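The values are calculated or read from the model by the stated rules, or taken from the named source; none is laboratory data. Remember, predicted model here, so these are calculated numbers, not experimental data. Counting neighbours? That spans all protein chains shown, and the Cβs are built from the backbone with ideal geometry, glycine included.
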Amino acid sequence: MSWWNPANVRRRGIGWLRLGLHESELPLDQDERHATWLELFFDLVFVLALATVQNRLDVPTPHLGDLAATLGLFAVVWLAWIGQAFYDTRFDPDDLIHRLAVLVGMIGAGAMAVGAASAPHTLLLPIGYIVVRVMLIVLYLRVRNSSPATHLLTTVYLIGFGAGVLVWVVSLAVPERIRPLLWAIALTIEFLTPWLGRSRVTRIPVDTSHLPERIGQFTIILLGTTLTDLRDAIAPRPEVDVVMAAAVALVIPAAVWWVYTTFVTTGLALPRLSAGLAYSYVHSFLGAALLLLGWGLGEVVGQISVHADAAPDRLRLLLAVALIVWMLCGLGLQWVSLGYIPRRRAIIGVCGIAPIVVITTVVTDPFTLLCLLAVVLVAYAIVVSRHIAHLGDARAATT
């Protein structure tokens, strides 16, 4: 049953007649929220988009330009998704107009999923992104005059996202070699918009149960792409060593999942979540690291399937970068939760990063590389999870 209940809303009489919309009605009270069926349906299109973006790294030693393009496209997908998530966690009346706007946005996301494969040579990606953003702007217009705080919040998003959309529209008319530059400018504007307007955005805190759940679901989707990478690395009739390598590689995302779900379930970040800005910014880098990690593990298993004697240096470097960024993001989430990083947690982080650097630098045999990284990640997951659980118990005892 949706949390939306007409009996629990404040009604405003002013409508947006020129847009053909009536202003959304905001809840006075609401119980703990969870993802709606529409939100989960919305996620499905982004699963395809993420898979398309990651598939652009189709070689074990990608060029720097290809790597930058992949990470840039991930940023496009992330901003398109998180923008809707932030709106839904504050408003989401789940009425007819809202559903239609989200469904139209899904069509845009579908165009993004198709266009990501050949961007910037095709206009499908920018057109799809423009559709997603315009629908979000329309939704913000619906709630604009619901309250003084909402008016201030929507002003931030309408100005920032509106400016970003204008840059995206301009990119449709320029040569394809210039498009990535304009896209980067637009993404920078939209990425910084909530932070620059944080004094207004924080006036309406996000739902402390809904936003972490939604971002957690996106994170799990990214971990799911790792399974796809490992599956694709296995031939139809794989040899025993390839299957064993894939099984060992699977331990690494499982360890990542263990640490992440321990953190989320303790609810450490909830008291300091506020507008969710720091929490989401850290997750943007964490998500990029997971995307890179899934690709790297799949490529290492692929090296084993072709009986390579050594994993390429660039592949090992990128694998190390993915794991290190993930660990640093873990420290970042700890800081978001507590306002500081405990000394013990910092030491654990250093002890986790150091062996990864050594292993990826010294060990070249693909199977040995996977085994050693799996051992480090399992040990790291055990120690970090216990530390997080201890912090959660300590906080629960004081509340």
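On the given criteria, is A163 farther than 20 Å from A101 by Cα, modelled with pLDDT of 95 or more, among the aliphatic types (A, V, I, L, M) and buried (at least 19 other Cβ atoms within 10 Å of the Cβ)? So A163 does not fit the description; no. Given the structure, is V131 touching a Gly at 6+ places or on another chain (Cβ under 6 Å) and at pLDDT 95 or above? Against the criterion (touching a Gly at 6+ places or on another chain (Cβ under 6 Å) and at pLDDT 95 or above), V131 qualifies.
Among the residues of the stretch 15-28, are any at pLDDT 80 or above, surrounded by 13 or more Cβ atoms within 10 Å (Cβ to Cβ) and within 30 Å of T150 (Cβ to Cβ)? The answer is no; no qualifying residue exists. Within the stretch 84-94, work out how many residues are crowded, with 24+ Cβ neighbours inside 10 Å and free of Cβ contacts under 8 Å to residues at least 60 places away in the same chain. So the count comes out to 1. A Cβ distance below 8 Å, combined with a sequence gap of six or more or placement on separate chains, defines the contacts here; from the stretch 332-343, residues that are not assigned by TED's automatic domain parsing to the domain that holds A394 reach no residue that is part of a helix (DSSP H, G or I). Determine whether the stretch 68-83 contains at least one residue that is in the same structural domain as L182 (by TED's automatic domain parsing), over 19 Å from the mean Cα position of the chain (by Cα) and either crowded, with 19+ Cβ neighbours inside 10 Å or of a type in the set (A, V, I, L, M, F, W, C) (or both). No, the stretch 68-83 contains no residue that is in the same structural domain as L182 (by TED's automatic domain parsing), over 19 Å from the mean Cα position of the chain (by Cα) and either crowded, with 19+ Cβ neighbours inside 10 Å or of a type in the set (A, V, I, L, M, F, W, C) (or both). Of the residues examined, R56 is not one that is under 21 Å from F191 (Cα atoms), of a type in the set (K, R) and surrounded by 15 or more Cβ atoms within 10 Å (Cβ to Cβ). In the set (1) in contact with a Gly (Cβ under 7 Å, 6 or more places away or on another chain); (2) surrounded by fewer than 21 Cβ atoms within 10 Å (Cβ to Cβ), M327 fails one condition alone, (2). Counting only residues that are of a type in the set (K, R) and buried (at least 16 other Cβ atoms within 10 Å of the Cβ), which one in the stretch 345-399 is modelled with the lowest pLDDT? So, considering only residues that are of a type in the set (K, R) and buried (at least 16 other Cβ atoms within 10 Å of the Cβ), the one modelled with the lowest pLDDT is R395.
On inspection, L292 does not qualify as buried (at least 23 other Cβ atoms within 10 Å of the Cβ), touching a residue at least 24 places away in the same chain (Cβ under 8 Å) and either under 14 Å from P366 (Cα atoms) or touching a Cys at 6+ places or on another chain (Cβ under 7 Å) (or both). The residue that is farthest from D88 (Cα to Cα), counting only those in the stretch 131-151 that are more than 22 Å from the chain's Cα centre (by Cα) and hydrophobic (A, V, I, L, M, F, W, C), is A149. Within the stretch 149-160, is even one residue surrounded by 22 or more Cβ atoms within 10 Å (Cβ to Cβ), touching a residue at least 24 places away in the same chain (Cβ under 8 Å) and not in a helix (DSSP H, G or I)? No. Pairs are defined by a Cβ separation below 9 Å, a sequence spacing of at least 6 or placement on different chains, a first member in the stretch 33-54 that is without any contact (Cβ under 8 Å) to a residue 24 or more places away in the chain, and a second member that is buried (at least 19 other Cβ atoms within 10 Å of the Cβ) and aliphatic (A, V, I, L, M); the pairs so defined are L44/M106.
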